[in-house]
Structures are given as structure tokens and as C-alpha cells.
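Engineer: I'd like to ask you about the structure that follows.
The values are calculated or read from the model by the stated rules, or taken from the named source; none is laboratory data. These numbers come from a predicted model, not from an experiment. Using ideal geometry, Cβ is built from the backbone for each residue, glycine included, and neighbour counts are taken over all protein chains shown.
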Amino acid sequence: MRSESADDRSRLTVLEADQHSQHLRLLALESGHARPSIGLSPQRTSHLVFLARQLRQQRGIPIDDTLAALAARFQVPSAFDLPDTAWPSILAWFDGLLAG
């Protein structure tokens with residue numbers, strides 16, 4: 001039951017990030033300042049949560065704590081504000097934690 005609850009929270013986190021991204025895009029379109037993309041793509045956001053879940057399974061670190069540490073490492077307010085250009089560095093950050 002705990003695992004199911006954690007999975008539900010993970011799915012909710014992905015949905016909230018996607019909704020946030022869509023909201024920002026809509027605001028940009030309405031203001032006439034649209035950009036090609038804001039933050040991570042939905043696929044990378046899903047993968048980000050997947051990696052955080054792996055870390056939780058390996059080390060017991062809560063997903064929210066991992067995402068907060070990732071945001072702090074890259075100096076953004078939220079892990080979902082990470083730019084797509086940071087993806088290789090994000091993967092390297094997780095590789096270091098998952099290998100250790």
C-alpha cells in the first residue's frame with residue numbers, strides 16, 4: 001500500500017509539472033512572448049521523477065527531497081524549472097548518486 005501511495009505521489013508530481021509547464025506556455029502565448037520551450041520536456045520530466053524514484057528505492061531518500069536537492073544544485077526554484085540544456089548535467093548528477 002505504501003508503494004502504491006508513493007507511485008501515486010510520483011504520478012501526481014509529473015502531472016503537476018506538466019500542468020505548470022503548460023500554464024507557463026499559455027501565459028507566454030497570451031503575452032506575445034512565446035518561447036520554443038520552458039523547462040524540461042514532459043518526457044524528461046517523467047524520466048526525472050523515474051530517476052528520483054530509483055534513488056528512493058536504493059537509498060530511501062524521499063522523491064521530494066531529491067528534487068529539492070537537484071533544484072538547489074542547479075540554483076533554480078524547482079527541479080521542474082531546470083532548462084532542457086542542463087539535461088546531460090542532470091543525468092550526471094543522478095549517475096553520481098545512484099552509483100555511490
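Engineer: Failed condition for R25, given (1) surrounded by fewer than 13 Cβ atoms within 10 Å (Cβ to Cβ); (2) of a type in the set (D, E, K, R); (3) modelled with pLDDT under 75, with all others met?
Structural biologist: So the condition that R25 fails would be (1).
Engineer: With the requirement that a residue be closer than 22 Å to H23 by Cα and either of a type in the set (A, V, I, L, M, F, W, C) or over 13 Å from the mean Cα position of the chain (by Cα) (or both), what does the stretch 51-74 give you?
Structural biologist: L67, A68, A71 - these are the residues of the stretch 51-74 that are closer than 22 Å to H23 by Cα and either of a type in the set (A, V, I, L, M, F, W, C) or over 13 Å from the mean Cα position of the chain (by Cα) (or both).
Engineer: Scan the stretch 52-73 for residues that are under 15 Å from A99 (Cβ atoms), in contact with a helix residue (DSSP H, G or I) (Cβ under 7 Å, 6 or more places away or on another chain), surrounded by fewer than 16 Cβ atoms within 10 Å (Cβ to Cβ) and not β-branched (V, I, T) and report the count.
Structural biologist: 2
Engineer: Keeping to the stretch 62-89, report how many residues are β-branched (V, I, T), part of a helix (DSSP H, G or I) and under 13 Å from G39 (Cα atoms).
Structural biologist: Total satisfying the criteria: 1.
Engineer: Turning to a different aspect of this structure: From L48, L40, L12, which residue is farther than 18 Å from I90 by Cβ, under 17 Å from the mean Cα position of the chain (by Cα), aliphatic (A, V, I, L, M) and modelled with pLDDT of 70 or more?
Structural biologist: L12
Engineer: Given (1) in contact (Cβ under 8 Å) with a residue 24 or more places away in the chain; (2) within 22 Å of L15 (Cβ to Cβ); (3) over 10 Å from the mean Cα position of the chain (by Cα), identify the lone condition not met by D81.
Structural biologist: Single failed check for D81: (3).
Engineer: Let me ask you something else. Pairs, please: C-beta under 9 Å, at least 6 apart or cross-chain, first residue in contact (Cβ under 8 Å) with a residue 12 or more places away in the chain and in the stretch 1-21, second surrounded by fewer than 17 Cβ atoms within 10 Å (Cβ to Cβ) and not in a helix (DSSP H, G or I)?
Structural biologist: A6/P62; A17/S78; H20/S78; S21/S37; S21/S41
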